[in-house]
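Values in this text are rule-based calculations from the coordinates and carry no lab data. From a predicted model like this one, the values you see are computed outputs, not experimental measurements. Positions of Cβ are generated from backbone atoms using ideal geometry, with glycine treated the same way; all protein chains shown enter the neighbour counts.
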Amino acid sequence: MDYIKYEVNGAVGVITIDREKALNALNSQVLDELSATLDSVDLETVRCLILTGAGEKSFVAGADIAEMSTLTKAEGEAFGKKGNDVFRKLEVFPIPVIAAVNGFALGGGCEISMSCDIRICSDNAIFGQPEVGLGITPGFGGTQRLARLVGAGMAKQLIYTARNIKADEAYRIGLVNQVVAPEVNEAGEVVKSAKEALMDAAMKMAGGIAKNAPIAVRNCKKAINDGLQVDMDQAIVIEEKLFGDCFETEDQKAGMGNFLEKDKEKKLKVVPFKNR
Ligand code: DAK
């Protein structure tokens, strides 16, 4: 792989988009490599993924404008489909994916972060959908996912004006779950850079998710994702089925058994998930 790094740290996998010279912009090769990396994740052992960009300056500065600039209509559609397929793969990936957004998350960068379950960002992060300034619409799901995350009115304002927003505003409108500042000592010296502090926070959150019952966590992701696509009557049925699916698993027996034993010290016994 030229542009994607994948490391596993215990039950947490970290995918890094590593094309720093172009601020990690998404070209076809990056998208192909990201797709192949997701296919290679060992779901028997990895329980949460973190997606980030290489360096301190940029998460992903968008789709690759140089590559897109000469596309025909048909090629543009094919490029859009390539991106949408990978983004959708992330969105419905069986385990949670946390976007650790370091710096610019513009256009396709904002869109890929929105395909993840949770976004946390460094305090220097910048989000935006600048496409209308480039003569195109957001093409990797931005019109759909931004509206679902922050509401139609705010999404329309951000997309029509192509205005970039800083981390604090992204937090205020609910686009990100957490903003992480660099760590400074009493003398005001930076002891942990924005990126290091961000990755620590992402690892901490991922570790917290990974220690919970994996079948239950997966079923929660599916229930939320699938339930949001249908009306409440159907959504409740989706939840019932996924709730029922947790029973008779070792996780459920151990988790409830431990509680009933009143053994507070005993940790939930989490068994490796078996693909079904
Ligand atoms: N694509 C290609 N290269 C990029 C890039 C991008 N999006 N962003 C930055 N780079 C490259 C720069 O060209 C530069 O390369 P060199 O000149 O050094 O070779 C290098 O990264 C460093 O960038 P700058 O020199 O510009 O760095 P600055 O600090 O001055 O500025 C910046 C940082 C993030 C403000 C600036 O680079 C910038 O404005 N970048 C573009 C941001 C942007 O507009 N992103 C949205 C792209 S549009 C669709 C499918 C997908 C999409 C739409 C439709 N369908 C097929 C329907 C998605 C669209 C987008 O994502």
- [ ] For residue 58, enumerate residues with amide H under 5 Å from its amide H, sequence gap 5+ or separate chain, H modeled in the peptide plane.
- [x] 104
Open item on the list: Need the full-extension length gain, residue 20 to residue 183, defined as separation in residues times 0.36 nm minus the C-alpha distance. One decimal, nm.
Closed with: 56.3 nm
TODO: Give the calculated FRET efficiency between residue 44 and residue 226 to the nearest 0.05, with a Förster radius of 35 Å applied to their Cβ-Cβ distance.
DONE: 0.90
Task: Size of the chain as Cα extents on the principal axes (Å, biggest first) - done: 63, 54, 39
Task: Neighbourhood charge, 12 Å Cβ-Cβ cut-off, centred on residue 11 and excluding it, Lys, Arg +1 and Asp, Glu -1 - done: 0
TODO: Answer with one residue from 27, 90, 14: the one whose Cα lies farthest towards the positive end of the charge dipole of the chain, charges on Cβ with Lys, Arg +1 and Asp, Glu -1.
DONE: 90
- [ ] Compare the Cα positions of 126, 202, 142 along the charge dipole of the stretch 84-203 (+1 at Cβ of Lys, Arg; -1 at Cβ of Asp, Glu; about the Cα centre) and return the one farthest towards the positive end.
- [x] 142
Open item on the list: Using 0.36 nm times the number of residues separating residue 168 and residue 81, minus their current alpha carbon distance, what extension gain do you get?
Closed with: 28.1 nm
- [ ] Using only alpha carbon pairs under 8 Å that are at least six residues apart, calculate the relative contact order of the chain and give it in whole percent.
- [x] 16 percent
Task: Full-stretch length increase - residue 72, residue 36 - with 0.36 nm per residue and alpha-carbon distance subtracted - done: 10.4 nm
Task: Distance between the stretch 167-224 and the stretch 46-98 - C-alpha centres, whole angstrom - done: 21 Å
Open item on the list: What does DSSP give for the stretch 1-74 in terms of the percent of beta bridges that are antiparallel, rounded to the nearest 5?
Closed with: 45 percent
- [ ] Just name one of 43, 54, 247: the one whose Cα is farthest towards the positive end of the charge dipole of the chain (beta-carbon charges, Lys/Arg +1, Asp/Glu -1).
- [x] 247
Task: Anisotropy class of the stretch 168-269 from Cα gyration tensor, a/c 1.5 cut - done: oblate
- [ ] Only loop residues by DSSP count here, and only those with at most 13 other Cβ atoms within 10 Å; note down the GluC sites (Glu not before Pro) in the stretch 151-217 that meet that.
- [x] 186, 189
Task: Helix-only mean residue ellipticity at 222 nm for the chain, each DSSP H run of n ≥ 4 adding -39500 (n - 2.57), per residue, nearest 500 - done: -13500 deg cm²/dmol
Open item on the list: Among DSSP bridges having both ends in the stretch 30-170, what percentage is antiparallel? Round to the nearest 5.
Closed with: 15 percent
Open item on the list: Net charge around residue 99, counting only other residues with Cβ within less than 11 Å of its Cβ (Lys, Arg = +1; Asp, Glu = -1)?
Closed with: -1
TODO: Mind putting a number on the dipole of the chain about its Cα centre? Charges go on the C-beta only, +1 for Lys and Arg and -1 for Asp and Glu, and I need it in Debye to the nearest 20.
DONE: 380 debye
Open item on the list: Just to confirm a number: summing +1 for Lys and Arg and -1 for Asp and Glu over residues other than residue 183 whose beta-carbon lies under 11 angstrom from that of residue 183, what do you get?
Closed with: -2
Open item on the list: Using the Cα centre of the stretch 1-68 as the reference point, and only Cβ charges (+1 on K/R, -1 on D/E), how large is the resulting charge dipole? Debye, rounded to the nearest 20.
Closed with: 240 debye
Open item on the list: Rounded, prolate or oblate for the stretch 78-166? Axes are the square roots of the Cα gyration tensor eigenvalues, ordered a ≥ b ≥ c, and the cut-off for rounded is a/c under 1.5.
Closed with: oblate
TODO: Quick one: grab the alpha carbon gyration tensor of the stretch 120-216, order the square roots of its eigenvalues as a ≥ b ≥ c, and give me rounded if a/c is under 1.5, else prolate or oblate depending on whether a/b is larger than b/c.
DONE: oblate
TODO: Express as a percent, rounded to the nearest 5, the fraction of DSSP beta bridges in the chain (both residues included) that run antiparallel.
DONE: 30 percent
Task: Charged-residue dipole, Cβ positions (Lys, Arg, Asp, Glu), the stretch 64-219 about Cα centre, Debye nearest 20 - done: 580 debye
